[in-house]
Amino acid sequence: QCQLNGLWKNDQDSLMEISMLRDNGDFQGQYLTRVTLSGGCAQISPLRGTQQQLGEEGWPTFAFTVRWDKFSNATTAFVGQCFVDAGGKETLSTMWLLREAVGSLEEDWKATR
């Protein structure tokens, strides 16, 4: 069974810490990204999400958002699933969409990555 609580590291050396996982599946934590739109140093940003409650069986799916408010006017939404390999190693497989604020509806086409 996967446990989302704890510290996670991705391929870009960014860190995510899920510090509070409630009984209903809601969670919160922080994300320390090493990849920034502004090219600056690493910044900590708040995250909030929820996981599917599967009980004792299965590997949960989850979703969370990160608000990059300290260094960028953008928000990222992540969705994924937790897996456990034969050796017991937990891995989060995710996809994300980043939405950056733009100044007009005409610029909307370039706002989502």
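Among the residues of the stretch 1-36, which ones are open to solvent by 50 Å² or more (accessible area, probe 1.4 Å), among the small types (Gly, Ala, Ser) and more than 19 Å from residue 60 (Cβ to Cβ)? None; the set is empty. Restricting the stretch 69-107 to residues that are farther than 24 Å from residue 5 by Cα and of a type in the set (Ser, Thr, Tyr) leaves a set whose member that is modelled with the lowest pLDDT is 72.
Only a single criterion out of (1) within 18 Å of residue 22 (Cα to Cα); (2) free of Cβ contacts under 8 Å to residues at least 24 places away in the same chain is not satisfied by residue 64, namely (2). With a requirement of 3 or more residues that are open to solvent by 80 Å² or more (accessible area, probe 1.4 Å), the strands (runs of 3 or more DSSP E) lying completely within the stretch 46-113 that satisfy it span 90-100.
The values are calculated or read from the model by the stated rules, or taken from the named source; none is laboratory data. If you're wondering where the values come from, they're calculated on a predicted model, not measured in any experiment. Methodologically, a virtual Cβ is constructed for each residue, glycine included, from the backbone with ideal geometry; neighbour enumeration extends over all protein chains shown. Heads up: the accessible areas ignore ligands, DNA and RNA and are worked out on the full protein's heavy atoms, side chains in. Shrake-Rupley method; radii C 1.70, N 1.55, O 1.52, S 1.80 Å.
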